Amino acid sequence: MAESAELTEEPTEELTERHGGTGEAPPELPGLADRVAAFVAEHVIPHENVLDAGGPPADAVLREVRARARREGLWALPLPAELGGQGLCLERYAAFAEAEGASDHGPAALGSAPLLDVLMLRRHGTARVREAYLTGLVAGDLRTCYAMTEPDVPGTDPFLTATRATREPDGSWRLTGRKWFTSGAGGADLVTVLARTDGAPPDRDGLTLFLVPTASPGFRLVRELPVLGASGQWEIAFDGVRVPADHLVGGRGGALAVAGERLQLGRTLRCLRWLGQAQRAFDLMAARAVARTGSRGPLASHQLVQRHVFESLLALRTTRPLVREAVARLAAGEDAHVEVGLAKVAAARTLQQVVDAAIQVHGAAGLGPDTALPALLRTGRAARILDGPDESHITSVARRVLRGYA
């Protein structure tokens, strides 16, 4: 859930290249954002309660929605074309990522959820890993998750990682440790795990990423960890799990470079999705203000309600360019640490602010189960901790900026 805010390796050409490789033209951009928005509104949002609950009913709904996405030509739009995706580059994907992310389930329904893992394994996985798993991930037949944060270890300080991997005589590894707030671990087929292979905490070197099939003996789901009442996060354990030698990601001791590369893109994608959810809350608020009428007329005529609308629109309009600037710099292969840090803090704040205003305008109705606002509020509050707390990004950005004046 909370990947480190301190892993800040430079972006690479992986973020700038077209994700495809077949030479076929990807779908035309005009109208694509509208099609994605309509799909999410008509086929994902109506099923959110079932999807939130998980289990077999959610799996059945997800299969049906994914099949429809394939039929409508909307499946895996930003994933590599040679693996079965449609190969849209980052900037083109960003044009509709907000619409896709208006629901937490939009990326999974449209097949873009594994983008980070697919790019990571495609670039840093061994030949066996690429052959065994990539096609299945893009097709939606396999699910993966990313395990970095540990109990009693600050998520922003990976150098204190306690999970340990020891080399066996046959070249394989034995993995022992515990992770928590691992998104989607309950239904995952694969988990990427940060572990120490050399040295001791808090050494900066000696950290390695392992790709672990969850069917491996010794892998254990310890418990689910509801976040403000919402499901989806898990505590997991590795009790001497054997990991094949060719399931290292990025090589021995290469975890920080791979994770840093992943974080820049991951945070930016989250920002785009948070903007989509903030826009959804804004639309609900505006519709409520116009439709709700009391003895003194419609809510829309009240100055305090108008202030909520204005402040929310201001937050959206000022945050969106920050996020787009981060996208542009990543797509160009430029240093984007400051831009991503600004975007992450601004998008998280905007989501929380706009949803809170929408609840205020809805009154008691905004607290109950008849709107998406309570779920959006949970996401907005968690966003200020997710992928590094605001405080870490604020200090990191400020230090970088001040170095230019020293």
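Here are a few things to note about the model shown:
- Shape call, the stretch 119-234: gyration tensor on alpha carbons, a/c limit 1.5: oblate
- Where both bridge residues fall in the chain, DSSP classifies roughly 85% of the beta bridges as antiparallel.
- Centroid-to-centroid separation of the stretch 131-181 and the stretch 226-297 [C-alpha atoms, Å]: 18
- Relative contact order, percent, the stretch 144-253 [alpha-carbon distance under 8 Å, six or more residues apart]: 30
- Largest GNM mean-square fluctuation across L314, L62, L275, computed for the chain with C-alpha springs under 10 Å, falls on L314.
- On the beta carbon distance between R242 and R307, with R0 = 56 Å, the FRET formula returns roughly 0.40.
- Ascending count of other beta-carbon atoms within 10 Å, so fewest first, for I359, I394: I394, I359
- Of all the options L115, L284, L299, the one that moves most in a Gaussian network model of the chain with Cα springs shorter than 10 angstrom is L299.
- Among A230, A278, A357, residue whose mean-square fluctuation peaks in a GNM of the chain (springs only between Cα atoms under 10 Å): A230
- Fully extending the segment from R317 to R220 would add 30.5 nm, taking 0.36 nm per residue of separation and subtracting the current Cα-Cα distance.
- Amide H contacts under 5 Å for G254, placed H, 5+ residues apart: L209
- Mean sequence separation of contacting Cα pairs (under 8 Å, at least six apart), scaled by the length of the chain, corresponds to a relative contact order of 18 percent.
- Relative contact order (%) - the stretch 257-403, alpha-carbon pairs under 8 angstrom, separation at least six: 29
Just so you know, all these numbers are worked out from the coordinates, no wet-lab data involved. All of these numbers come straight from a predicted model, not from anything done at the bench. Here the Cβ is made from the backbone with ideal geometry for all residues, glycine too, and neighbour counts use every protein chain on show.
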